[in-house]
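Data first, discussion second: the structure below is written as structure tokens.
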Amino acid sequence: MLDNLYILVGLGLGIGTLGTLIGAGGGFILVPFLILFFPDLQPESITAISMAVVAVNASTGSLAYMRSKRIDYKAGIYFAIATIPGSILGVLTTKIIPKHQFDFIFGIVLILLAIFLVLKKKKHLDQSSSEFSEKKGLTHQHLVDKEGHAFTYAYNMKNGILLAIVVGFFSPLLGIGGGVIHVPAMVEWLQFPVHIATATSHFILAIMSSVSVLVHYIEGSYADTTIVKMSLALIVGVIPGALLGAKLSKKVKGTFIIKALAISLALVGVRILFF
């Protein structure tokens, strides 16, 4: 058991780093790992562990992104509130979904997301422009981060709230935090710059995943001491990893973040479905 805990700490470090870098929370890495190497865990236990890790990762990463001044707080607060009803329903749904269906859904979702990212148009990845200035019915934003980089963009708030409701449901259901859905959708559908999308997604995840953890706690998912020990071991690695990921995000281009996200999703999805 001790060896497993050391492995989980190392895994947590990687999850914190990559998850924060791409704004995905890291659940998309953790869930397949738990499915493959801890096959006796039930879906509700897997999602309980994953959501606890995502909550800590997202909270730690959000603090770093706050210092970088890359979070769109208006969008983040509205979208986070919209995820709460779906998040509660998603947690309750994990109690009734069969494990084989859980694995299948997870694998399919990851592969479809990877294909979407590869085929998408390459725009809105880094600095945004003022091309939306004359469009009505959009929420306009102009942010300048700590490094002096300016981001000007606009998005449809109603579409963003609808997206957040859907993400809120599927995130705890699959235990993936939701960033792997939210970030590409914010970039492509809502037209956020990638760096703002990843930072804001992390902020939303911090709120949404904390709600999921609370529901899991009320439902008794953390009554098992093994689940608690595994979660804590992962968290020990996640915290420094999240700080590192936020630091690295300042040095990489948006195109790299999107490619890293697509490759990660495809590899994990194929492994879950076929191995």
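The values are calculated or read from the model by the stated rules, or taken from the named source; none is laboratory data. What you see is a predicted model, and the numbers here were worked out from it, not measured in a lab. Cβ sites come from the backbone with ideal geometry, for glycine too, and all protein chains shown count toward neighbours. Ligands, DNA and RNA are stripped out before the accessible areas are found, and what is left, the full protein with its side chains, is counted by its heavy atoms. Shrake-Rupley method; radii C 1.70, N 1.55, O 1.52, S 1.80 Å.
Points to keep in mind about this one:
- Taking the chain and dividing mean pair separation by its residue count, relative contact order in percent (alpha carbons under 8 Å, at least six apart): 42 percent
- Given Lys146/Lys229; Lys95/Lys251; Lys229/Lys251; Lys229/Lys259; Lys74/Lys259; Lys158/Lys229, the pairs whose alpha carbons are separated by over 30 Å: Lys146/Lys229; Lys95/Lys251; Lys229/Lys251; Lys229/Lys259; Lys158/Lys229
- When the alpha carbon gyration tensor of the range 169-270 is reduced to an equivalent ellipsoid, the three semi-axes, largest first, read 27, 16, 14 Å.
- Radius 9 Å from Cβ of Gln141, net charge of other residues (Lys, Arg +1; Asp, Glu -1): 0
- Converting phi to 3J(HN,Hα) with the Karplus coefficients 6.51, -1.76 and 1.60 and the offset θ = phi - 60°, the range 63-77 yields 4, 5, 5, 4, 5, 7, 6, 10, 9, 8, 5, 4, 5, x, 5 Hz in sequence order, with x at every glycine or proline.
- The chain shape via C-alpha gyration tensor axes, a/c threshold 1.5: prolate
- Helix 225-249 axis versus longest C-alpha principal axis of the chain: approximately 20°, rounded to the nearest ten.
- Nearest-ten-degree value, helix 157-174 long axis tilted from longest Cα axis of the chain: 20 degrees
- Between Leu190, Leu234, Leu119, the GNM of the chain built on Cα springs shorter than 10 angstrom shows Leu119 fluctuating the most.
- Helix axis angle, 254-274 relative to the chain longest principal axis, alpha carbon, degrees: 30 degrees
- With all protein chains modelled, accessible area of Asp40 [1.4 Å, Å²]: 140 Å²
- Protection-proxy order for peptides 245-256, 50-61, each taking the mean of Cβ atoms within 10 Å per residue, highest first: 50-61, 245-256
- Of the whole protein surface, Glu147 contributes about 110 Å² of accessible area at a 1.4 Å probe radius.
- Accessible surface for Lys95 stands near 80 Å², nearest 10, in the context of the full protein assembly shown (1.4 Å probe).
- Gyration tensor analysis over the Cα atoms of the range 30-109 returns equivalent ellipsoid semi-axes of 28, 16, 10 Å (largest first, whole Å).
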